[in-house]
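Reading through the C-alpha cells given below for one structure.
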Amino acid sequence: MTDPAVERDAAEAASAFSHPPAAPDATAAYGEHPDQIVDFYAPRGDRAQPGTARSAPLVVVLHGGAWRAPYDRQHITPFADFLARQGFAVANVEYRRGSSLPHQDAAGPVAGRWPETFDDVAAALDALPELAAGCLPEADPGRMVLTGHSAGGHLALWAAARHVLPADAPAGWRLPSPPLLRGVVALAPIADFTVAEELAVCGGASAQLLGGAGAFAARRPYADPAALLPTGIATAVVQGRSDIVVPEAVSEAYVAAAALAGEMVGLTLLDGVGHFPLIDPAADACAVVSEEISQLGW
C-alpha cells in the first residue's frame with residue numbers, strides 16, 4: 001500500500017520541477033572553479049524601476065539538494081525568476097557540492113565538501129556587492145536578504161552567522177562584524193544538525209557534509225546554525241508541516257536553540273504543505289515566501 005505522505009511529496013516535487021529553467025540576465029564568476037559562479041536576474045514587475053541604480057533589494061538564493069553533486073542551481077531558477085517578477089534583484093549562487101564517488105557513510109553521492117562548500121559560500125557573499133554593481137546596477141546590496149531551501153537554507157543561516165564562528169574557523173569564513181544583511185528567510189532548512197542526524201534527514205547528509213561520522217563532533221561548532229547563536233540578524237523560517245524530507249522538528253529545534261540563546265526567530269508553519277512547494281512558483285506557499293522576503297527587503 002502506498003504511503004499518502006510519500007505520494008504527496010512526489011506530486012509536490014513533480015510540480016516544483018515541472019517548470020523550465022529560467023535563463024539569467026547575467027552571470028559572473030567569484031572564483032576559478034566552474035561551480036564558483038552567480039546568476040543574476042533583473043527586477044521586473046510593478047515594483048521594478050528599470051535603469052534606476054540600486055532601486056531593488058538584492059535577494060541571494062542558495063539552492064538545496066542535500067549538498068550533493070547531482071543537484072545544482074538549475075532546479076531553483078524558476079523560483080529565482082519568480083522573485084525577480086516580484087520586483088527583487090536576484091543572485092542565484094552556485095557552490096561546490098559533494099563528489100559523485102562512493103563514500104563509506106553513503107549509499108549514493110556524498111553530501112558536500114569540507115571545507116570547499118563553506119569556502120564558496122563565504123567567497124560568494126563577500127564578492128556579491130562588487131559583482132552585482134557590475135552585472136545588476138538595480139540591485140541594492142544595502143538591502144540584501146539571504147534565502148535558501150533545505151541544504152541551501154542551512155547555508156543561508158550559516159552565512160548570516162559568520163561573525164559568531166569560533167575564532168579558529170578556517171581562513172575566509174569568519175567575519176569581524178555582522179554581515180550587512182536585512183535578514184534571512186530560511187525555507188525548510190537543515191538548521192539543527194544534531195536533530196537532522198537523529199532523524200536521518202537526507203540519508204545522513206549533515207554528517208557527510210562534515211566529513212563523516214568521525215568528524216561530526218569536532219566540526220559541528222563551525223557549521224551547524226543551531227550552534228552559532230545568537231546572530232543579531234533578523235531571521236525567519238518557513239516550514240511545511242507535511243514535510244517528510246526535512247521534518248518540522250528540525251526547524252523547531254533551531255528556533256528553540258535561538259530562544260535559549262536570547263534570540264527570537266520567526267517560524268511560519270504551513271498546514272498541508274511539504275518540502276517543495278516553498279520553491280514552486282505555482283504553489284501558494286511560494287507567495288508566502290515572497291511576502292516574508294518582502295517584509296525584510298522592502
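For this structure, a couple of remarks:
- Computed from point charges on the beta carbon alone (+1 for Lys and Arg, -1 for Asp and Glu), the dipole magnitude for the chain about its Cα centre is near 520 Debye.
- Per-residue ellipticity at 222 nm from helix content only, as computed over the chain with -39500 (n - 2.57) for each DSSP H run of at least four residues, stands at -10000 deg cm²/dmol.
- The stretch 201-298: relative contact order in percent, alpha carbon pairs under 8 Å with at least 6 residues between: 24
- Dipole magnitude (debye, nearest 20) for the stretch 127-203, charges at Cβ of Lys, Arg, Asp, Glu: 200
- Among beta bridges identified by DSSP and lying wholly in the chain, the antiparallel ones come to about 30 percent.
- Longest exposed-site-free window of the chain, the sites being GluC sites (Glu not before Pro) in a DSSP loop that have at most 16 other C-beta atoms within 10 Å: 33-262
- Gain upon complete extension [A133, E198; 0.36 nm per residue less C-alpha separation]: 19.1 nm
- Extension gain, T2-R47: 0.36 nm per intervening residue step, less the Cα-Cα distance, totals 11.7 nm.
- Using alpha carbons only: equivalent-ellipsoid semi-axes of the chain, gyration tensor based, whole Å: 26, 23, 19
- Hydrodynamic analysis of the stretch 54-182 uses the Kirkwood radius over alpha carbon pairs. Inserted into Stokes-Einstein at 20 °C and 1.002 mPa s, it gives a translational diffusion coefficient of 140 µm²/s.
- Directionally averaged shadow of the stretch 158-268, computed from the convex hull of its alpha-carbon atoms, nm²: 6.8
- Cα→Cβ-extended label distance, 7 Å offset, between D25 and D284, nm: 3.2
- Residue order by solvent-accessible surface for W158, W298 is W298, W158, largest first, with ligands and nucleic acids left out and a 1.4 Å probe.
- Per residue, the stretch 126-250 exposes 32 Å² of accessible surface when a 1.4 Å probe is rolled over the protein heavy atoms with every protein chain present.
- Contact order, relative form, for the chain: 19 percent (alpha carbon pairs under 8 Å, 6 or more residues apart, mean separation divided by residue count).
- Whether the stretch 23-76 is rounded, prolate or oblate, judged on the alpha carbon gyration tensor where a/c under 1.5 counts as rounded: prolate
- Residue with peak Gaussian network fluctuation, the chain [Cα springs, cutoff 10 Å], from G148, G274, G31: G31
- Gain on full stretching of the segment that runs from A171 to A218 - 0.36 nm per residue minus C-alpha separation: 15.2 nm
- Surface composition of the stretch 158-207: carbon and sulfur atoms hold 59% of the protein heavy-atom accessible area at a 1.4 Å probe.
- Anisotropy class of the stretch 206-298 from Cα gyration tensor, a/c 1.5 cut: oblate
- Using the alpha-carbon positions of the stretch 161-224, Rg (one decimal) and Dmax (whole number) come out as 13.2, 37 Å.
- Along each principal axis, Cα extent of the stretch 250-298, largest first, Å: 37, 28, 13
The values are calculated or read from the model by the stated rules, or taken from the named source; none is laboratory data. Since this is a predicted model, take the numbers as computed values, not measurements. Don't worry about glycine lacking a Cβ; one is built from the backbone with ideal geometry, like all the others, and counts go over all protein chains shown. Remember, those area values only see protein heavy atoms, side chains included, never the ligands or the DNA or RNA. Shrake-Rupley method; radii C 1.70, N 1.55, O 1.52, S 1.80 Å.
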